[in-house]
Amino acid sequence: MEKQSQVVERLRSSFRSGMTIPEQFRRTQLTRLLSMIKDNEEQILNALHKDLAKPKFEAILSEIDIVINELHHAIANFKSWMQLEYVSKNLATKLDNCFVRREPLGVVLIIGPWNYPLQLLILPMVGAIAAGNCAIIKPSEVSAATDSLMAELIPKYLSQDCYAVVRGGAEETKALLQNRFDHIFYTGSQTVARSILQAASVHLTPVTLELGGKCPCFIYGRVNIEAAARRLVWAKFFNSGQSCVAPDYVLCSPAAQEALLPALRAALEDFYGKEPQTCPDLSRIVSSRHWTRLMDLLGKSSGKVVIGGESNEEDKYIAPTVVVDVAEDDALMEEEIFGPILPILTVDSLEKGIDLINRKEKPLALYVFSDESSVVNTVLEKTSSGGFCSNDGIVHMTLPSLPFGGVGASGWGSYHGRWGFETFSHRRACMLRGWALERLNSLRYPPYSEDKLSWLRWTTSAKNSCSLM
């Protein structure tokens, strides 16, 4: 078996040979990746069910189809993304050829998480392949069935000279990070992200961090409370709350909470029945360790459980749970919940809600439910978040033409569609000069004079661009 360092060097040799550069090679690999997903849909669905008890419906929407759509988008557009980007010029560079050239970075490392173990592993890979890189893929060992399946399928469909899967846990990942990469793309927790940054700093390797945080859902002003409850329940309890863009907590007025609670009960019963544990449409917590963490958080909370709260460790089940009377310093507000527990905090004004949001780290997503455009626009303008969506949750991340990523503690960099291509590309500034206009160029040579300086400043002024000539 190859050592990790040997895998890295083998891929680096392939990259240096130039085999990933041609447009046709990239197209072939993206097409094969598309075939891998389509040919093995049932195997993928079975693996996702083993790992998280994902319902087929949710798995197809959030794992299969989102990857297929991303691949179709990339295949249709990446040739245009590869084209040279010509830039404006001034008088001094009038006869030069000036452009930005997108070039692949080299050998990149993609570390995937366990909550969407196919989507969040393959989507960045699409950008890496489209941009012409070699890539090492590290699936999460926590989602063991999907980890095993990716290690089996990727070498069957993609060039083994250019793409490799490396498996293992924390120790193997730590060893892998000691190698030099040209970019590291990590999706996961803020704690592990700090370790990634420390390892990357040794080689000054650029990183993309797709993290998370406490995504607020602010319900304020006039609102269709029944529709709001249904969309909130869907977004929060999809994948049993194990989504980095899931609404983490609700902010609303006391009156809105009073109207919201019965609507939430009705939506939950409509979606999952009176016995949610027996419902096939509700995922499970990924592991006993994660189940214990969530139950500890719930146990430490000073809030009142008004919906749900039931659990079963053997089944890794936690009922969709709603908690009220939650203070800003409650245990449920100290960290990202990442599970089916929804705390509700009350505020008595729009400004106080915005202030509470801004006191916390910038979230990966921010949701506002309101029929009043003034409310939506005020929250949009006075807050910062990786993404923003009004009157719904999660769906903004499904559009390939929108960048997906965080800001501040919720992440660095973005991807999806062209944004993924750009993440894995170096934008090389190019100026191709000839020997004409040497007399004009001589203005910059010594001996210097005030006349030369005056003429040179005029020829290089942004006001004297070629578009004006």
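Exactly one residue among 401, 461 is out of contact with any Phe, Trp or Tyr (no Cβ under 6 Å at 6 or more places or on another chain) and closer than 29 Å to residue 338 by Cα, and that residue is 401.
I'd like to check something: does the stretch 363-383 contain any residue that is touching a residue at least 12 places away in the same chain (Cβ under 8 Å), touching a strand residue (DSSP E or B) at 6+ places or on another chain (Cβ under 7 Å) and either in the same structural domain as residue 83 (by TED's automatic domain parsing) or surrounded by fewer than 18 Cβ atoms within 10 Å (Cβ to Cβ) (or both)? Yes: one or more hits.
I'd like the full set of residues that are closer than 18 Å to residue 333 by Cα and in a loop (DSSP other than H, G, I, E, B), limited to the stretch 345-380. Of everything in the stretch 345-380, those that are closer than 18 Å to residue 333 by Cα and in a loop (DSSP other than H, G, I, E, B) turn out to be 347, 360, 361, 362, 363, 364. So, of the residues in the stretch 447-469 that are of a type in the set (Ser, Thr, Tyr), at pLDDT below 90 and assigned to a loop (DSSP other than H, G, I, E, B), which turns out to be surrounded by the most Cβ atoms within 10 Å (Cβ to Cβ)? Only one residue tops the list, namely 460.
Within the stretch 410-440, count every residue that is more than 13 Å from the chain's Cα centre (by Cα) and in contact (Cβ under 8 Å) with a residue 12 or more places away in the chain.
Residues flagged as more than 13 Å from the chain's Cα centre (by Cα) and in contact (Cβ under 8 Å) with a residue 12 or more places away in the chain within the stretch 410-440 amount to 17.
Can you tell me which residue is nearest to residue 72 (Cα to Cα) among those in the stretch 92-145 that are in a loop (DSSP other than H, G, I, E, B) and acidic (Asp, Glu)? The extreme case among them is 141.
Scanning the stretch 53-80 for residues that are surrounded by fewer than 17 Cβ atoms within 10 Å (Cβ to Cβ) and touching a residue at least 40 places away in the same chain (Cβ under 8 Å) yields a total of 4.
At least 1 residues being farther than 30 Å from residue 318 by Cα is the threshold, and among the helices (runs of 4 or more DSSP H) wholly inside the stretch 4-74 those reaching it are 4-16, 23-39.
Each residue in the stretch 246-265 was checked for being within 25 Å of residue 113 (Cβ to Cβ) and either of a type in the set (Asp, Glu) or in contact with a Cys (Cβ under 6 Å, 6 or more places away or on another chain) (or both), and 3 of them qualify.
Within the span defined as the stretch 172-187, every residue fails to be closer than 22 Å to residue 51 by Cβ, among the hydrophobic types (A, V, I, L, M, F, W, C) and surrounded by fewer than 18 Cβ atoms within 10 Å (Cβ to Cβ). When the test is whether a residue is in the same structural domain as residue 358 (by TED's automatic domain parsing) and touching a residue at least 24 places away in the same chain (Cβ under 8 Å), residue 255 does not pass it. Residue by residue through the stretch 381-440, note down the ones that are hydroxyl-bearing (Ser, Thr, Tyr), outside any strand (DSSP E or B) and more than 21 Å from residue 185 (Cα to Cα). The answer is 383, 384.
When you scan the stretch 101-121, do you find a residue that is at pLDDT below 95 and in the same structural domain as residue 38 (by TED's automatic domain parsing), even just one?
no
Out of the residues in the stretch 135-166 that are of a type outside the set (Val, Ile, Thr) and in contact with an Asp or Glu (Cβ under 6 Å, 6 or more places away or on another chain), state the one that is surrounded by the most Cβ atoms within 10 Å (Cβ to Cβ). Here the residue is 139. For residue 326, the stated conditions hold: it is buried (at least 19 other Cβ atoms within 10 Å of the Cβ), in contact (Cβ under 8 Å) with a residue 60 or more places away in the chain, in contact with a strand residue (DSSP E or B) (Cβ under 9 Å, 6 or more places away or on another chain) and among the hydrophobic types (A, V, I, L, M, F, W, C). Among the residues of the stretch 150-168, write down those that are over 22 Å from the mean Cα position of the chain (by Cα) and either among the basic types (Lys, Arg) or not in a helix (DSSP H, G or I) (or both). Result: 156, 158, 159, 160, 161, 162, 168.
Is there any pair with a first residue in the stretch 33-52 that is closer than 17 Å to residue 126 by Cβ and a second that is at pLDDT 95 or above and not in a helix (DSSP H, G or I) whose Cβ atoms are under 7 Å apart and which are 6 or more apart or on different chains, and what are they? Listed by first residue and then by second, the contacts come to 33/158; 44/118.
Selection of first residues in the stretch 269-280 that are of a type in the set (Asp, Glu) and of second residues that are modelled with pLDDT of 95 or more and outside any loop (DSSP other than H, G, I, E, B), restricted to Cβ pairs under 8 Å at least 6 apart or on distinct chains, gives the following pairs, ordered by first then second residue: 270/230. Checking the stretch 101-121 against the condition returns a match, with at least one residue being touching a residue at least 40 places away in the same chain (Cβ under 8 Å) and surrounded by fewer than 17 Cβ atoms within 10 Å (Cβ to Cβ). Filtering the stretch 246-301 down to residues that are within 28 Å of residue 211 (Cβ to Cβ) and basic (Lys, Arg), which residue is surrounded by the most Cβ atoms within 10 Å (Cβ to Cβ)? The residue in question is 284.
The values are calculated or read from the model by the stated rules, or taken from the named source; none is laboratory data. It should be emphasised that the depicted structure is a prediction, and the values quoted were computed from it without experimental measurement. Cβ atoms come from the backbone with ideal geometry, glycine included; neighbour counts cover every protein chain shown.
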